[in-house]
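For reference, the structure discussed in these notes is given below.
The values are calculated or read from the model by the stated rules, or taken from the named source; none is laboratory data. These figures come from a predicted structure and were not determined experimentally. Here the Cβ positions follow ideal geometry from the backbone for every residue, glycine too, while neighbour counts run over all protein chains shown. Each accessible area value is taken on the protein alone, full model and side chains, heavy atoms only, with ligands, DNA and RNA left out. Shrake-Rupley method; radii C 1.70, N 1.55, O 1.52, S 1.80 Å.
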Amino acid sequence: REAILLAFRSSAMLGALGEEELWELAGLVKMWSYEEGTVLLHEGDIEGSMFAVCEGDADVYVGEELVSEIVAGQVMGELSMLFSKARTASIVAGQGLLCVEITKQALEQVTKKRPEAWGEMQEVASAKLA
(Lines give C-alpha, C1' and ligand atoms only; values in the text may rest on other atoms or scores of the structure.)
Protein backbone atom coordinates (compact mmCIF):
# COMPACT_ATOMS: atom_id res chain seq x y z
CA ARG A 1 0.00 0.00 0.00
CA GLU A 2 2.93 2.34 0.61
CA ALA A 3 3.88 2.33 -3.12
CA ILE A 4 0.29 3.24 -3.97
CA LEU A 5 0.25 6.11 -1.48
CA LEU A 6 3.59 7.39 -2.78
CA ALA A 7 2.18 7.48 -6.33
CA PHE A 8 -0.96 9.23 -5.08
CA ARG A 9 1.02 11.83 -3.13
CA SER A 10 3.19 12.54 -6.19
CA SER A 11 0.17 13.30 -8.38
CA ALA A 12 -0.79 16.97 -8.67
CA MET A 13 -4.38 16.00 -9.44
CA LEU A 14 -4.76 13.70 -6.43
CA GLY A 15 -3.24 16.47 -4.30
CA ALA A 16 -6.81 17.74 -3.92
CA LEU A 17 -7.41 14.80 -1.57
CA GLY A 18 -6.40 14.77 2.07
CA GLU A 19 -4.28 12.05 3.67
CA GLU A 20 -7.30 10.22 5.08
CA GLU A 21 -8.96 10.26 1.66
CA LEU A 22 -5.79 8.92 0.01
CA TRP A 23 -5.67 6.03 2.50
CA GLU A 24 -9.31 5.23 1.81
CA LEU A 25 -8.74 5.38 -1.94
CA ALA A 26 -5.68 3.10 -1.64
CA GLY A 27 -7.96 0.42 -0.23
CA LEU A 28 -10.34 0.65 -3.19
CA VAL A 29 -7.92 0.30 -6.12
CA LYS A 30 -6.47 -2.63 -8.07
CA MET A 31 -2.78 -2.98 -8.93
CA TRP A 32 -1.93 -3.96 -12.52
CA SER A 33 1.30 -4.88 -14.28
CA TYR A 34 1.54 -4.46 -18.06
CA GLU A 35 3.93 -5.88 -20.64
CA GLU A 36 5.75 -3.38 -22.81
CA GLY A 37 3.67 -2.47 -25.87
CA THR A 38 0.28 -3.21 -24.27
CA VAL A 39 -2.34 -0.57 -25.08
CA LEU A 40 -4.01 0.40 -21.79
CA LEU A 41 -6.27 3.17 -23.00
CA HIS A 42 -7.63 3.76 -26.49
CA GLU A 43 -8.17 7.22 -27.93
CA GLY A 44 -11.90 7.86 -28.40
CA ASP A 45 -13.10 5.36 -25.78
CA ILE A 46 -15.29 6.46 -22.90
CA GLU A 47 -14.47 4.58 -19.72
CA GLY A 48 -14.86 5.07 -16.00
CA SER A 49 -11.30 4.50 -14.82
CA MET A 50 -8.00 6.29 -14.60
CA PHE A 51 -4.58 4.97 -13.62
CA ALA A 52 -1.82 6.18 -11.30
CA VAL A 53 1.68 5.04 -12.30
CA CYS A 54 3.67 3.43 -9.46
CA GLU A 55 6.67 2.21 -11.48
CA GLY A 56 7.85 2.30 -15.08
CA ASP A 57 6.50 4.51 -17.82
CA ALA A 58 3.98 4.72 -20.64
CA ASP A 59 3.82 6.54 -23.96
CA VAL A 60 0.98 8.87 -24.93
CA TYR A 61 -0.17 8.88 -28.55
CA VAL A 62 -2.62 11.15 -30.33
CA GLY A 63 -3.38 9.31 -33.52
CA GLU A 64 -0.02 7.84 -34.59
CA GLU A 65 2.03 10.66 -33.05
CA LEU A 66 3.94 10.15 -29.80
CA VAL A 67 3.18 13.32 -27.80
CA SER A 68 4.52 12.60 -24.31
CA GLU A 69 5.58 10.09 -21.70
CA ILE A 70 3.97 9.33 -18.35
CA VAL A 71 6.20 8.29 -15.45
CA ALA A 72 5.81 7.20 -11.83
CA GLY A 73 3.73 9.63 -9.81
CA GLN A 74 1.60 10.75 -12.75
CA VAL A 75 -1.94 9.78 -13.65
CA MET A 76 -3.46 8.86 -17.00
CA GLY A 77 -7.04 8.67 -18.21
CA GLU A 78 -8.21 11.29 -15.73
CA LEU A 79 -9.74 13.66 -18.31
CA SER A 80 -12.13 11.03 -19.63
CA MET A 81 -13.11 9.86 -16.15
CA LEU A 82 -13.54 13.26 -14.48
CA PHE A 83 -15.44 14.85 -17.37
CA SER A 84 -17.22 11.75 -18.80
CA LYS A 85 -15.76 12.46 -22.24
CA ALA A 86 -14.01 10.38 -24.88
CA ARG A 87 -10.34 9.66 -24.26
CA THR A 88 -8.09 12.25 -25.93
CA ALA A 89 -5.13 9.89 -26.41
CA SER A 90 -4.01 6.28 -26.41
CA ILE A 91 -1.61 5.03 -23.72
CA VAL A 92 0.94 2.31 -24.47
CA ALA A 93 2.86 0.59 -21.69
CA GLY A 94 6.60 1.05 -21.54
CA GLN A 95 9.06 -1.22 -19.76
CA GLY A 96 8.11 -2.31 -16.23
CA LEU A 97 4.78 -0.50 -16.03
CA LEU A 98 3.05 -1.03 -12.69
CA CYS A 99 -0.01 1.08 -11.98
CA VAL A 100 -3.20 1.20 -9.98
CA GLU A 101 -6.64 1.48 -11.51
CA ILE A 102 -8.87 4.08 -9.88
CA THR A 103 -12.52 3.69 -10.84
CA LYS A 104 -14.92 6.61 -10.98
CA GLN A 105 -17.04 4.83 -8.38
CA ALA A 106 -14.08 4.62 -5.95
CA LEU A 107 -13.19 8.29 -6.42
CA GLU A 108 -16.82 9.34 -5.96
CA GLN A 109 -17.01 7.31 -2.75
CA VAL A 110 -13.87 8.95 -1.37
CA THR A 111 -15.02 12.48 -2.25
CA LYS A 112 -18.60 12.02 -1.01
CA LYS A 113 -17.82 13.80 2.28
CA ARG A 114 -16.00 16.63 0.52
CA PRO A 115 -17.53 17.13 -2.95
CA GLU A 116 -15.43 20.24 -3.62
CA ALA A 117 -12.42 17.92 -4.00
CA TRP A 118 -13.94 16.64 -7.28
CA GLY A 119 -14.00 20.18 -8.66
CA GLU A 120 -10.42 20.77 -7.48
CA MET A 121 -9.28 17.64 -9.33
CA GLN A 122 -11.14 18.78 -12.46
CA GLU A 123 -9.35 22.13 -12.24
CA VAL A 124 -5.92 20.50 -12.12
CA ALA A 125 -6.82 18.06 -14.92
CA SER A 126 -8.15 20.93 -17.08
CA ALA A 127 -4.68 22.48 -17.13
CA LYS A 128 -3.65 19.61 -19.45
CA LEU A 129 -6.10 20.91 -22.04
CA ALA A 130 -4.73 24.45 -22.00
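Would you check if there is a residue in segment 112-123 being touching a Lys or Arg at 6+ places or on another chain (Cβ under 8 Å) and over 14 Å from D59 (Cβ atoms)? Scanning segment 112-123 turns up no residue that is touching a Lys or Arg at 6+ places or on another chain (Cβ under 8 Å) and over 14 Å from D59 (Cβ atoms).
For segment 59-88, a residue qualifies if it is farther than 22 Å from G15 by Cβ and under 13 Å from the mean Cα position of the chain (by Cα), and exactly one does: R87. Being open to solvent by less than 80 Å² (accessible area, probe 1.4 Å), within 19 Å of S80 (Cβ to Cβ) and modelled with pLDDT of 95 or more is a condition met by no residue of segment 14-22. The residue that is least open to solvent (accessible area, probe 1.4 Å), counting only those in segment 81-106 that are more than 22 Å from S33 (Cβ to Cβ) and outside any loop (DSSP other than H, G, I, E, B), is L82. For segment 23-45, filtered to residues that are more than 24 Å from A86 (Cα to Cα) and exposed (fewer than 13 other Cβ atoms within 10 Å of the Cβ), the residue that is farthest from the chain's Cα centre (by Cα) is E35.
Taking the criterion of being of a type in the set (S, T, Y) and closer than 17 Å to V75 by Cα, the residues of segment 89-130 that qualify are S90, T103, S126.
Looking at E43, E36, which is the one that is over 24 Å from A3 (Cβ atoms), in a loop (DSSP other than H, G, I, E, B) and either in contact with a Phe, Trp or Tyr (Cβ under 9 Å, 6 or more places away or on another chain) or at pLDDT 95 or above (or both)? The unique qualifying residue is E43. If the condition is being surrounded by fewer than 16 Cβ atoms within 10 Å (Cβ to Cβ) and part of a strand (DSSP E or B), then segment 62-78 contributes V62, E65, L66, V67, S68, E69, V71.
Can you pull out the residues in segment 46-58 that are small (G, A, S) and within 13 Å of the chain's Cα centre (by Cα)? Result: G48, S49, A52, A58.
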